[in-house]
1. Which count do you get for residues in the stretch 21-37 that are open to solvent by 30 Å² or more (accessible area, probe 1.4 Å) and in a loop (DSSP other than H, G, I, E, B)?
2. In the set 21, 12, 5, 96, which member is more than 27 Å from residue 148 (Cβ to Cβ), β-branched (Val, Ile, Thr) and at pLDDT below 85?
3. Kindly indicate which of 43, 62 is open to solvent by 80 Å² or more (accessible area, probe 1.4 Å) and part of a helix (DSSP H, G or I).
4. Are any of the residues in the stretch 47-55 at pLDDT below 85 and in contact with a Ser or Thr (Cβ under 8 Å, 6 or more places away or on another chain)?
5. Out of everything in the stretch 111-162 that is outside any helix (DSSP H, G or I) and of a type in the set (A, V, I, L, M, F, W, C), what residue ends up being least open to solvent (accessible area, probe 1.4 Å)?
6. Residues that are in a helix (DSSP H, G or I) and surrounded by 10 or more Cβ atoms within 10 Å (Cβ to Cβ): does the stretch 79-96 have at least one?
7. Could you run through the stretch 163-173 and say how many residues are farther than 15 Å from residue 15 by Cβ and assigned to a helix (DSSP H, G or I)?
Amino acid sequence: MGDSVTALRISVHQALGGGTVADVLLWKRWYASIGVLVSATTLWILFEKSGYNLLSFVANVLLLLVFILFFWAKSASLLNRPLPPLPNFEIPEEIVAKAAGVIHVYSNYALSIARQIVIDKNLKVFLQLVSGLWVASYIGSLCNFLTLVYLGVLLILSVPLVYDKYQHPIDEKLCLANKIIQAQYMKIDDAILKKIPLPSNKEKKTQ
């Protein structure tokens, strides 16, 4: 049992991409992880506790940056100084292609869910979607979007690290919870869901 579990162990670092992001999430580059945590906490305190608006903050920062660059360029031309060093602001085509590919995959996935609910009348998918949206709505009623993003940052900086250290016991608990959920769903499916009459595609075409 122990050998099979060891053989099935996955590399969390490779699952996260195996790059710099994985190193930060797993605290292999602890200085960068601390920097992300401190930055997120500072921004959350700034906006949540001080009541500062995110849109106003971004606009003011950009306005300050524009003024600095403008007067720097003017003073450089008058004093024969070098212009402000600006990087080459060009988005590589590879990044655009990857972003388009991700959007394409998730769009098709959303459309497939809609098809299963509307055309195939998949009650299981419908209930899963309704439950997920209800949970999201309930969480949204407990905190605002900024707090939710901050909690997400805390989770992505803690969950991968904890799972990497305690993968075996967590997998065992998840498998047990999955079996319990599947058993309860089968009971509900046999007792309630299968008794709900759903019109077939042939009946719909006849109508």
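1. The number of residues fulfilling the criteria is 3.
2. Among 21, 12, 5, 96, only 5 is more than 27 Å from residue 148 (Cβ to Cβ), β-branched (Val, Ile, Thr) and at pLDDT below 85.
3. Result: 62 is the single residue among 43, 62 that is open to solvent by 80 Å² or more (accessible area, probe 1.4 Å) and part of a helix (DSSP H, G or I).
4. At the first step, the residues of the stretch 47-55 found to be at pLDDT below 85 are 47-55.
Now narrow it down to the ones that are in contact with a Ser or Thr (Cβ under 8 Å, 6 or more places away or on another chain): 48.
Taking every residue of the stretch 47-55 in turn, at least one turns out to be at pLDDT below 85 and in contact with a Ser or Thr (Cβ under 8 Å, 6 or more places away or on another chain).
5. Top of the filtered list is 157.
6. Scanning the stretch 79-96, I find at least one residue that is in a helix (DSSP H, G or I) and surrounded by 10 or more Cβ atoms within 10 Å (Cβ to Cβ), so the answer is yes.
7. Total meeting the criteria: 4.
The values are calculated or read from the model by the stated rules, or taken from the named source; none is laboratory data. Everything quoted here is computed from the prediction, not taken from an experiment. Every residue, glycine among them, receives a Cβ derived from its backbone with ideal geometry; neighbour counts consider all protein chains shown. For the accessible areas, the whole protein counts, side chains as well, though only heavy atoms, and no ligand, DNA or RNA atoms are used. Shrake-Rupley method; radii C 1.70, N 1.55, O 1.52, S 1.80 Å.
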